[in-house]
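Here's the structure, in structure tokens; my notes come after.
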Amino acid sequence: MTIRQLSDTVINQIAAGEVIERPASVVKELVENALDAGASRIEVATAGGGLSLIRIIDNGSGITPDELPLAVSRHCTSKLSEDIHDIRSLGFRGEALPSIGSVARLSMRSRTQGADSAAEIGVEGGRVSSVRPVAANPGTTVEVRDLFFATPARLKFMKTERAETAAITEVVKRMALAFPEVRFSLSGTDRNSLELPSVSADGDGLLRRIAQVMGKEFSENALAIEAEREGVALSGYASIPSFTRGNAMQQYFYVNGRPVRDKQLAGAIRGAYMDVLPRDRHAVVALFLSLDPALVDVNVHPAKADVRFRDPGLVRGLIVGAIRHALETSGMRASTSGAEAMLSAFRRPETEAGSAPAAAWPRGNYVPADRPARDWSLERSPTRPLDGFGTAHRTEGGFSAPRQETFDVGPGLSADARAGIEEAPPELTRNPLGAARAQVHENYIVAQTEDSLVIVDQHAAHERLVYEALKEALHSRPLPSQMLLMPEIVDLPEEDAERVASHAEFLARFGLGLERFGPGAIAVRETPSMLGKVDVPQLVRDLADEIAEHDTADTLKERIDHIAATMACHGSVRSGRRLRPEEMNALLRQMEATPGSGTCNHGRPTYIELKLSDIEKLFGRR
């Protein structure tokens, strides 16, 4: 075959295939350019999911008329020095604008700060027009129309207009989290308008921007993360264990202000929450890493979505350690979403007319104020007190106090008040979980604080307490091991064998004794007694894979912790056991003193707290 030089148009279209995957990719590149230009206000408008129109307006430094042709030429950039490892900007490749212009109709008008006039240039399917003077405000406006008209085959791979619009929104939100001091706005015929006002760049401002982007619910259930190790700084927020999502879409990572999606960082989050979340649930985080640009390679992916750290083990350890420390020192915190779900269960379903039909109102519930009362009387009221308990007696002055009698609330139901009826001691109600007042259905402890009602799942709570005690006992000293009658030889690739052998001292603490056995082999002489019969080759290969990916050997620790969790589940207070008042209060005090006691070993919440103000709203007192 004859070797030939490709045309500039084809070269740009190849680059566009790497950089411009969908409309959201265009928005990402153009917003990055606006941020690098120092913009404090960025407006994004779209139509047709970004395929018909993308318009980005910023008030940045702008581009001079003589530099506009360079801006739409490949490998021309103002953001990269001679040292390609010293990257301190978001965009640096110099491929975005020419790549977009090769597959769409692009126009760009710009005016530098202090200039008397603006200039405009256009690129259509790779053909560059001449620069012409125009009127424009200071800053830059980029319009992209008919995306992929020059490569129509790409249109077959686009999703629906709604999906592409949602992807653009997600890109802007991710950028907005990293730059809280910048005002962002989204508008267009294919979306509802979204305004993200600028806030201060300090911790309080970042939390307000997080509430704007990720919802107020996350900011109410987040822990502040702050740590530094060997020149790598970590900051941001991570959710408490009882506040989770069904996927990892609500995990935002930033490296030197650049939003990234990185498997190493996602793996560190899973490791940090390993003991407190079930496998099908995911934490919500917004984490920011700051480090010397020479210690991270951001040039490993055409779209700059992935990064490579010089010391991935350091970064992983920093994230895992910082989040675990925050979880351990956060004290007792219950997710507000649990209380919201419980409160919503008490609210009545409403019809389109705004009130529930009579048939939907269960016996014993009050009728809303907006429903007319007809021929009402105490004797016929479905909300009258139950006969035999709490029945009010009419007197001349009104009603007398109800009689206090034992009652049955219905078939199959029971309520056991087991903490006494005297007033709760103030020294107990001042505690985070308050004073135990009752045990209901022989599994749930009802406690009272100064301003809330707490409901505790006694089995889940005690399961966490036993688990933490077992872990402390297991990991505070080397674990006992069992000697194999014959050492088991595991063949591995030479590099894997070297990695496993380098962690031999750490593994010995957990009862796994191994050593090198010639080239490409490991000899295992001892295994942890707790694991019983072990598939030694599979265990060693799993360890080798984890060390290769994360430079850690936590697989063995996870297996031991899983056994401890199983032992804790079977050794904890069972559902159906009646507790004395002093036992209930002792359990509450232990929960307050135990890190991570807000969830059980399986990630379920151990308690729900209802604020008195919310309860009063249910009863119309507020």
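The values are calculated or read from the model by the stated rules, or taken from the named source; none is laboratory data. Everything numeric in this text was worked out from a predicted model, so none of it was measured. Note: ideal-geometry Cβ built from the backbone for every residue, glycine included; neighbour counts use all protein chains shown.
Could you list all residues from region 475-532 that are part of a loop (DSSP other than H, G, I, E, B) and either basic (Lys, Arg) or exposed (fewer than 12 other Cβ atoms within 10 Å of the Cβ) (or both)? So that I can check it myself, show each step before the final result.
Quick first cut of region 475-532, residues part of a loop (DSSP other than H, G, I, E, B) only: 476-480, 492-493, 503, 509-512, 517-520, 532.
Scanning region 475-532 gives Ser476, Arg477, Pro478, Pro480, Pro493, Arg509, Gly518, Pro519, Gly532.
When Met1 is tested against (1) outside any loop (DSSP other than H, G, I, E, B); (2) modelled with pLDDT under 95; (3) over 17 Å from Glu164 (Cα atoms), exactly one condition is not met: (1). Residue count for region 123-154 under the criterion of being touching a strand residue (DSSP E or B) at 6+ places or on another chain (Cβ under 6 Å), closer than 19 Å to Ala47 by Cβ and either assigned to a strand (DSSP E or B) or hydrophobic (A, V, I, L, M, F, W, C) (or both): the result is 6.
Using the structure shown, decide if Gly49 is touching a residue at least 60 places away in the same chain (Cβ under 8 Å), in the same structural domain as Ala115 (by TED's automatic domain parsing), buried (at least 18 other Cβ atoms within 10 Å of the Cβ) and in a helix (DSSP H, G or I). Full working, then the answer.
Details: touching a residue at least 60 places away in the same chain (Cβ under 8 Å): yes; in the same structural domain as Ala115 (by TED's automatic domain parsing): yes; buried (at least 18 other Cβ atoms within 10 Å of the Cβ): yes; in a helix (DSSP H, G or I): yes.
Criteria met by Gly49.
A Cβ distance below 7 Å, combined with a sequence gap of six or more or placement on separate chains, defines the contacts here; from region 306-322, residues that are assigned by TED's automatic domain parsing to the domain that holds Asp262 and surrounded by fewer than 19 Cβ atoms within 10 Å (Cβ to Cβ) reach residues that are hydroxyl-bearing (Ser, Thr, Tyr) and not in a strand (DSSP E or B) in the pairs Gly313/Thr552.
Could you tell me which residue of region 178-215 is nearest to the chain's Cα centre (by Cα), considering only residues that are in a strand (DSSP E or B) and surrounded by 19 or more Cβ atoms within 10 Å (Cβ to Cβ)? Spell out how you get there, then give the answer.
Of all residues in region 178-215, those in a strand (DSSP E or B) come to 183-188, 194-196.
Adding the requirement that they be surrounded by 19 or more Cβ atoms within 10 Å (Cβ to Cβ) leaves 184, 186, 188, 196.
Working: Phe184: 22, Leu186: 23, Gly188: 28, Leu196: 20 Å.
Looking at the filtered set, the residue picked out is Leu196.
How about region 434-468: which of its residues are over 25 Å from His602 (Cα atoms) and β-branched (Val, Ile, Thr)? Matches in region 434-468: Thr449 only. Any chance you could count how many residues in region 244-287 are of a type in the set (A, V, I, L, M, F, W, C), in a helix (DSSP H, G or I) and in contact (Cβ under 8 Å) with a residue 24 or more places away in the chain? Residues flagged as of a type in the set (A, V, I, L, M, F, W, C), in a helix (DSSP H, G or I) and in contact (Cβ under 8 Å) with a residue 24 or more places away in the chain within region 244-287 amount to 4.
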